[in-house]
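I'd like to ask some things about the structure below.
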Amino acid sequence: MHSDGREMYELFLGQFTAHEASLRAYVRRLVPTRNDAADVMQGIALVLWKKFDQLDHPSNFRQWAFGVARYEALAWLRDKARERHVFGQDLLNTIAQESERLDERLEAQREALEDCLSKMPADQRKLVLSAYMPGEQIKDIASQSGRSVGGFYQWLHRMRLSLLACIERSMASEGLA
Amino acid sequence: MNNKPDITALFAEYVSGTITDVQLRELEISLTQDAELRSRFIKYLNLDSALSDHAALSSSEVAEIESCTQQLTPLPARQSRMRINALTFATAVAAAIVLAFFLWPTGSSPSQGQAVATIVADVDAVLHKSGQPDSGSELFTDEYTLEEGLINLEFAGGVMVYIEAPARFKAASDKKILLHSGQLSASVPQAGIGFTVETPDAEVVDFGTEFSVDVGSGASEVHVFDGLVRIAPRLAGNENTESIDLRTDQAVRLDRQHPDPVMIDVATDRFIRNFDEPHTNRFQRMIQSMSPVAHYGMPIQKDSLACDPPDYEGKLIRAQGASKQSRRAKGISGSSLRVQAGSNGMGGVVDTPIPLYSGELTLIAHVYLENQAPNGTIITDTPEQGGRIMLGLDEVGGLTVAVQTETGQRLSITQSTLLPLQTWVQVIVISDGEKLRLYSDGQLVGHIKCGVLNRAAATPLWFGTRADGEGLWSGRIDEVAFIDRAITKAEIEKLHEVAVKRQDKFEDQP
C-alpha cells in the first residue's frame, strides 16, 4: 500500500471505528437477530471501504454510512423474506426512519446501560452477559442457572425490561428523558 | 388503552429468532398501529445490541490482552497510532465474523445424542424423566411424567406440542410421541406433516393441522381444530376398524368398552393450544376500545396476575402439594386463570387498589364454572371491610354482586337461577351513580337504586377467593376489565355479540 492508500485507509479506520457501534446498533434494529446484524455488518464494512473514495468529506461519514447501512439491511431483508419470517418493507422503513430520528437518544441509552448493569446484583449481571457472549450456548447457561431454555428466555426478557426501566430513570434524572 | 406490556413478550421471541409466523404478523400489526410501541421496540433492540457489545469481550479476555500488551515494546508515535487503529478495526471485523458464526442455539444448534425434541417453554412445570426430576432443555427417547404445569415442545419440522399436567408420555422419535395419559395439543406446519401421536387406543397421524388428544383412563379423544388428521383405532374386539379421517371442527371418542369410535362435539374450551395471549383479535380490540383502567387478560405468566397497565399487576396463589393440574387453562380468549377444579390454583391478589374517579364503574368478567361453588368468589375487594365490590355466587350458586357506596350503604343484586356449569358466561356490573345493574350474557339480571360506589376503596383486590382464603371459585376466570364509566347499552350488546363468537374463533380473527 503506497502512502496515499495508507492515508486513506487510516482515515477510513478512524471513521469506521468511531461510528461502528452506532451502525451496528442501527442495523440491529432492522434485522431480527444478532447473528443477522453481524452478517449484515460484514457486508456494510466492505461496501463502506470500497466506496469510501466517493465520500465528499470525512465529516459526512456518519450520515453516509447510515444510508449505506439502511440500504444493505433492507436489501438483506428482501433476500431473506423468501426463506424466513421478516417484517414487511413498510414497517421496516418506518422503523429505519424513526431509529435515525432517535439515534442521539439511543446512543445515550447505550451509554447509560453500563451504569445500570453495575447496579444489578453481580450474579444476575454475569448471567445476562453470559447469554450474549460469543460461543456460549443458551441451553448450557440455562441449565447452569437451573432453568429450562424457555424459562431462561423469559427471565432474560424480564431482565431486559428491568434494564430499560433503569435506563429510562437514569436518563430522566439527567434531564435526557 | 395500549397493549404494550403483553406484546413486549413477542420482542423476546423476535430477538431470539424463535418467533412464529403468526406471532410475527401479530407483532407487525401492533408495531404498525402503535408509534409508542414502535419506540419501545426500537429501544429494546438497541439494548439488545448494547448488551451484545458489552459481552463481546469477556473479563478474562481483557485480562489476557492486558497481560500481552504489557510485554510489547512501545513503538514510535505514528506507527503506534496506526497499529492501534488497525487493531481496533481488526477487532471490530473479527467480532463481526465471530458473531456471524455465533449460533443463537434454540433455532439452529444440532441436537445431541438421542434428543428428539426441545422444551421451548414451560409454566410451573415439574417434569420427571424415568422417575427422576428433569430440568433439561431437551427431550430424549425416554419415559416422562409431567407432574405439574405446562410444557411447550418443538419436534422436527417445527411441530409445536403443548402438554398439560398431569400427563405421562414417551418421546419416541423426533416425529412421534406416545401419550399414555393426559392432554396434548399439536400444531403441525407443512414441514411437520406425518407427525404422529400414539395413544393406548389409536394412532393419530397428522396431515398439517391443529389438533388435541385427551387420553383418560378408559378412552382417548381426538379433536381437530384445523386441517386433517388420520386416526387408526386400536380398539379391543374390533381388529378390523378402518382408519378415520377427521377434519376441521370434528372430534372422535375411542372408548375401550365399545368396539366402534363415536363422533363427539369438538371441545374448543378444553385444551391449551398456544402459550401466547392474542392481542389483536376482535375481543381484545373491543375491550381495549373501552379504555379500561385495568385489564386482566390472564396470559400465561409464571406466578403473575398480569395487568394492562402493569401498575395493577398481582400475584397468583397456589396450593401446596395438592392436585397437579395447571392454574392456567384455556380461556375465552387465549388462556384463563383456573381456581380449584382439579388444579393447584387458589386465585390471585392485587395489592394496589384500582382507582376510580368518575363515580361510575363497569366491571366485565368472563367465568366458566366447572363444579358447583356456593359462595364462590369471582372478584372482591371486600366491600364489608372498606372495599367497593364483590362479584360471585350466593349460598346456592346464583350470580350475585354486592357493593358499598360512598355513604357506606351496602346493596346487592342476586340472580334467582343458578349459574350454568361448564360454559363461559359473560358478567357485567354497571354502576352509573344512580343505579346498579347486573348483566349475564347480555341480559339484565336485575337493577337497584344505588349511589356512587366507594371511590376511596384501598383494600386489595382478590380473584377467585376471599381475603380469608374461603369462598373459592371452582373453574376459570378470564378477561376481567374495570372501566371508569358506565358503558352504554349498545356496548353491552356488542360485547355479548363478540362473546358468543368466542373462544377459538378469536384467535384467528384479524
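The values are calculated or read from the model by the stated rules, or taken from the named source; none is laboratory data. What you are looking at is a predicted structure, and each value in this text was computed from that prediction instead of being measured. Glycine gets a Cβ as well: all are built from the backbone with ideal geometry, and neighbour counts include every protein chain shown.
Could you run through segment B:14-26 and say how many residues are at the interface with chain A (Cβ under 8 Å from one of its Cβ atoms) and either in contact (Cβ under 8 Å) with a residue 12 or more places away in the chain or in contact with a helix residue (DSSP H, G or I) (Cβ under 9 Å, 6 or more places away or on another chain) (or both)?
8
What number of residues in segment A:1-20 are closer than 21 Å to A:Leu74 by Cβ and either among the charged types (D, E, K, R) or facing another protein chain (nearest Cβ under 7 Å) (or both)?
Count: 2.
Moving to a separate point now. Please go through segment A:1-33 and give me each residue that is in contact (Cβ under 8 Å) with a residue 60 or more places away in the chain and either in a helix (DSSP H, G or I) or among the basic types (Lys, Arg) (or both), ordered by number.
Scanning segment A:1-33 gives A:Ala21, A:Ser22, A:Ala25, A:Tyr26, A:Arg29.
For segment A:165-177, name all the residues that are touching a residue at least 12 places away in the same chain (Cβ under 8 Å) and either in a helix (DSSP H, G or I) or in contact with a Leu (Cβ under 6 Å, 6 or more places away or on another chain) (or both).
Result: A:Cys166, A:Ile167, A:Ser170, A:Met171.
Could you grab me the full set of residues in segment B:119-133 that are at the interface with chain A (Cβ under 7 Å from one of its Cβ atoms) and closer than 21 Å to B:Lys176 by Cβ?
Hits for segment B:119-133 are B:Ile119, B:Val120.
Exactly one of these conditions fails for B:Gln320: (1) at pLDDT 80 or above; (2) of a type in the set (S, T, N, Q); (3) not assigned by TED's automatic domain parsing to the domain that holds B:Ser185. Give me its number.
It is condition (1) that B:Gln320 fails.
Scan segment B:125-144 for residues that are crowded, with 19+ Cβ neighbours inside 10 Å and in contact with a Ser or Thr (Cβ under 9 Å, 6 or more places away or on another chain) and jot them down.
B:Ala125, B:Leu127, B:Ser137, B:Glu138, B:Leu139, B:Tyr144, listed by residue number.
Can we say A:Gly88 is at the interface with another protein chain (Cβ under 7 Å from one of its Cβ atoms) and more than 28 Å from B:Thr32 (Cβ to Cβ)?
No; evaluated as a whole, the condition is false for this residue.
Here is a follow-up. Can you spot a residue in segment B:347-361 that is among the hydroxyl-bearing types (Ser, Thr, Tyr), in the same structural domain as B:Ser304 (by TED's automatic domain parsing) and buried (at least 24 other Cβ atoms within 10 Å of the Cβ)?
no
The rows are residues; the columns are (1) at pLDDT 95 or above; (2) buried (at least 22 other Cβ atoms within 10 Å of the Cβ).
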{"residue": "B:Glu406", "(1), (2)": "no, no"}
{"residue": "B:Ile413", "(1), (2)": "yes, no"}
{"residue": "B:Gln422", "(1), (2)": "no, no"}
{"residue": "B:Ile430", "(1), (2)": "yes, yes"}
{"residue": "B:Gly442", "(1), (2)": "no, no"}
{"residue": "B:Gly451", "(1), (2)": "no, no"}
{"residue": "B:Ala467", "(1), (2)": "no, no"}
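Yes/no per residue for (1) more than 27 Å from A:Lys139 (Cα to Cα); (2) at pLDDT 90 or above; (3) acidic (Asp, Glu):
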residue	(1), (2), (3)
B:Lys176	no, yes, no
B:Asp206	yes, no, yes
B:Thr209	yes, no, no
B:Val215	yes, yes, no
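A further question on this structure: Among B:Ser80, B:Ser30, which is the only one that is of a type in the set (Gly, Ala, Ser), under 30 Å from A:Gly151 (Cα atoms) and either in a helix (DSSP H, G or I) or at pLDDT 90 or above (or both)? Step through it out loud before you land on a result.
Working: B:Ser80 fails: under 30 Å from A:Gly151 (Cα atoms).
Residue meeting the stated conditions: B:Ser30.
If we keep just the residues of segment B:134-164 that are in a loop (DSSP other than H, G, I, E, B) and either in contact (Cβ under 8 Å) with a residue 60 or more places away in the chain or away from every other protein chain (no Cβ under 11 Å) (or both), which is farthest from B:Thr20 (Cα to Cα)?
Within segment B:134-164, the first condition is being in a loop (DSSP other than H, G, I, E, B), and the residues that meet it are B:134-137, B:141-142.
Subset that is either in contact (Cβ under 8 Å) with a residue 60 or more places away in the chain or away from every other protein chain (no Cβ under 11 Å) (or both): B:141-142.
Working: B:Thr141: 26, B:Asp142: 28 Å.
Residue satisfying both the conditions and the ranking: B:Asp142.
Sticking with this structure for a sec: Which residue out of B:Asp48, B:Asp34 is facing another protein chain (nearest Cβ under 7 Å), of a type outside the set (Val, Ile, Thr) and without any contact (Cβ under 8 Å) to a residue 40 or more places away in the chain?
B:Asp48
Can I ask one more? State whether one or more residues within segment A:86-102 are outside the structural domain of A:Met41 (by TED's automatic domain parsing), in contact (Cβ under 8 Å) with a residue 40 or more places away in the chain and buried (at least 19 other Cβ atoms within 10 Å of the Cβ).
So far as segment A:86-102 goes, no, none of its residues is outside the structural domain of A:Met41 (by TED's automatic domain parsing), in contact (Cβ under 8 Å) with a residue 40 or more places away in the chain and buried (at least 19 other Cβ atoms within 10 Å of the Cβ).
So that you can scan it fast, the table gives a plain yes or no per residue for (1) over 25 Å from A:Gly150 (Cβ atoms); (2) buried (at least 23 other Cβ atoms within 10 Å of the Cβ):
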residue	(1), (2)
B:Gly149	no, no
B:Leu153	no, yes
B:Leu178	no, no
B:Gly216	yes, no
B:Val222	yes, yes
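Can you give me the ranges of the strands (runs of 3 or more DSSP E) entirely in segment B:309-393 with at least 2 residues that are over 14 Å from B:Phe463 (Cα atoms)? Write out each step before concluding.
Numbers: elements: B:314-318, B:328-330, B:335-339, B:345-350, B:361-369, B:377-380, B:389-393.
Hits in segment B:309-393: B:328-330, B:361-369.
Continuing with the same structure: Please find, within segment A:103-139, the residue that is modelled with the highest pLDDT out of those that are of a type in the set (Gly, Ala, Ser) and buried (at least 19 other Cβ atoms within 10 Å of the Cβ).
A:Ala131
While we're on this one: If I filter segment B:425-448 down to residues being touching a helix residue (DSSP H, G or I) at 6+ places or on another chain (Cβ under 7 Å) and assigned to a strand (DSSP E or B), which single residue comes out as farthest from B:Thr377 (Cα to Cα)? Step through it out loud before you land on a result.
Kept after step one, since they are touching a helix residue (DSSP H, G or I) at 6+ places or on another chain (Cβ under 7 Å), are these residues of segment B:425-448: B:426, B:428, B:439, B:441-442.
Still in the list and also assigned to a strand (DSSP E or B): B:426, B:428, B:439.
Numbers: B:Gln426: 15, B:Ile428: 15, B:Tyr439: 17 Å.
Within segment B:425-448, the match that is farthest from B:Thr377 (Cα to Cα) is B:Tyr439.
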